[in-house]
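Data first, discussion second: the structure below is written as structure tokens.
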Amino acid sequence: MWTENAKIKRLDTSGRRIIVISDIHANLQYFTALLKKIELTPDDVLVLCGDFLEKGERSLDTLRYIMQLSKDYDVHPLCGNCDGWQDSVDGVFPAKSLRSYLLSRKSGLIWDMLTDCGVSPDEETDIPALLPMLAERYSEEFAFLRALPHVIETPHCIFVHGGIRPDVPIGEQMAGDCMKFDDFMSQGYSFDKWVIVGHWPVMLYLKDRVCANPIIDRTHRIISIDGGCVLKDDGQLNALIIPHEGSEDFHWQSWDRFPTAKVRTGQSESRRSYYIRWGDNRVQVLHRGDEFSHCRHVRTGYEMDILTKYLYGDGELVECNDCTDYEPELKPGDTVSIVEKTSRGYFVKHNGTSGWYHGEIYDEL
């Protein structure tokens with residue numbers, strides 16, 4: 001994918017509502033619930049901005065659902081770095097790497113196809129020998145994946161999973177960049193058209209708090225919408241809504257699985273906080289407790305209490321799950337989603353932002 005030009009698809013979406021969803025990651029429950037919430041209609045244009053497969057538990061079901069949805073609605077999926085599984089049966093994906101990937105994750109599209117065929121892959125399974133059978137049995141699914149473009153362009157927007165380079169003509173963009181462009185919004189790029197991307201969870205752009213809402217950068221004309229669905233414990237699936245082609249009145253809807261409740265008492269926003277996250281999550285355990293452990297972030301020296309179950313290992317120096325000590329401002333009667341219940345309070349989400357609430361709540365809604 002790093003040596004081929006991207007496949008470009010051009011759309012005329014004049015006068016129609018455009019819905020953009022990215023990084024479903026085989027979470028069919030979130031996807032169907034979000035479609036119901038936004039009230040998708042046949043008059044809408046639905047762009048799936050890549051990575052609708054892998055990470056979650058229902059890759060094959062999600063693929064088939066999207067294939068059927070594409071027949072009933074105006075749906076335009078893009079290829080993300082987690083979607084190009086036609087390479088496995090076309091001989092592009094190395095068999096040794098495929099075997100290692102499947103046995104380490106025990107999930108994903110090829111895993112689902114094998115189990116759908118009654119095969120329970122293990123160390124003795126000759127996975128490469130089974131690929132021709134998968135290619136034949138799931139020919140329709142692989143044909144659908146082969147046809148996926150890397151970029152969708154409209155008169156005012158460019159939709160791409162990872163990102164594009166502003167100094168390269170659209171027809172000369174590399175497929176690899178389009179599918180996997182890490183930390184895209186930090187590159188300082190600006191564009192004439194709006195560039196809408198997924199791939200990099202939006203909360204990774206923040207330092208002192210966690211927010212899963214889309215980021216709209218009007219200065220550089222970039223919108224990032226990956227809400228960390230499946231990848232983050234408190235993640236959500238976002239839908240960016242463009243009322244019509246050319247409109248910049250962007251808004252969004254989101255979906256997550258968490259129960260909601262109303263807070264009884266208010267609290268002020270914390271004056272100091274930090275967000276320890278994937279890629280920079282090495283901590284020193286200063287005191288390990290049954291429920292919480294006091295830890296020091298190795299790179300910054302920042303100290304905070306972390307749920308002990310978030311620590312990966314029993315040693316003094318370990319990596320940890322994403323965590324923060326941020327406390328959002330909340331007013332009595334505010335609705336929050338409850339991510340964690342602890343003896344010290346609740347880890348909640350409020351308007352997409354996660355943090356700790358130490359007051360009382362009314363019964364869950």
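The values are calculated or read from the model by the stated rules, or taken from the named source; none is laboratory data. Not measured: the values here are computed from a predicted model. Please note: Cβ atoms are built from the backbone with ideal geometry, for glycine as well, and neighbour counts cover all protein chains shown. All accessible areas refer to the heavy atoms of the entire protein, side chains included, with ligands and DNA or RNA removed. Shrake-Rupley method; radii C 1.70, N 1.55, O 1.52, S 1.80 Å.
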**Request:** Working only within the range 222-260, note down all residues that are open to solvent by 60 Å² or more (accessible area, probe 1.4 Å), farther than 24 Å from residue 278 by Cα and not in a loop (DSSP other than H, G, I, E, B).
**Result:** 251, 252, 253
**Residues being open to solvent by less than 20 Å² (accessible area, probe 1.4 Å) and either of a type outside the set (Val, Ile, Thr) or at pLDDT below 95 (or both) - total across the range 53-66** = 6
**Asked** Residues in the range 137-150: is at least one more than 25 Å from residue 8 (Cα to Cα) and assigned to a helix (DSSP H, G or I)?
**Response** yes
**Request:** Take the residues in the range 187-205 that are assigned to a helix (DSSP H, G or I) and in contact (Cβ under 8 Å) with a residue 60 or more places away in the chain, then tell me which one is nearest to residue 352 (Cα to Cα).
**Result:** 203
**Complete:** Within the range 18-67, the count of residues that are assigned to a strand (DSSP E or B) and either under 16 Å from residue 148 (Cβ atoms) or among the basic types (Lys, Arg) (or both) comes to 5
**Asked** Got at least one residue in the range 308-330 being open to solvent by 20 Å² or more (accessible area, probe 1.4 Å), basic (Lys, Arg), more than 17 Å from residue 234 (Cβ to Cβ) and not in a strand (DSSP E or B)?
**Response** no
**Message:** One residue is enough: does the range 13-22 have a residue meeting the conditions in contact with a helix residue (DSSP H, G or I) (Cβ under 8 Å, 6 or more places away or on another chain), of a type outside the set (Ser, Thr, Tyr), farther than 20 Å from residue 232 by Cβ and without any contact (Cβ under 8 Å) to a residue 60 or more places away in the chain?
**Reply:** no
**Prompt:** Of all residues in the range 261-286, how many are outside any loop (DSSP other than H, G, I, E, B), open to solvent by less than 70 Å² (accessible area, probe 1.4 Å) and under 23 Å from residue 329 (Cβ atoms)?
**Reply:** 5
**Item:** Subset tally (residues that are open to solvent by less than 40 Å² (accessible area, probe 1.4 Å), of a type in the set (Asp, Glu) and free of Cβ contacts under 8 Å to residues at least 40 places away in the same chain) for the range 131-168
**Value:** 0
**Message:** I need a count of the residues in the range 169-186 that are surrounded by 14 or more Cβ atoms within 10 Å (Cβ to Cβ) and either in a strand (DSSP E or B) or not β-branched (Val, Ile, Thr) (or both).
**Reply:** 11
**Request:** Kindly check whether there is at least one residue in the range 84-107 that is of a type in the set (Phe, Trp, Tyr), in contact (Cβ under 8 Å) with a residue 12 or more places away in the chain and either open to solvent by 20 Å² or more (accessible area, probe 1.4 Å) or in a loop (DSSP other than H, G, I, E, B) (or both).
**Result:** yes
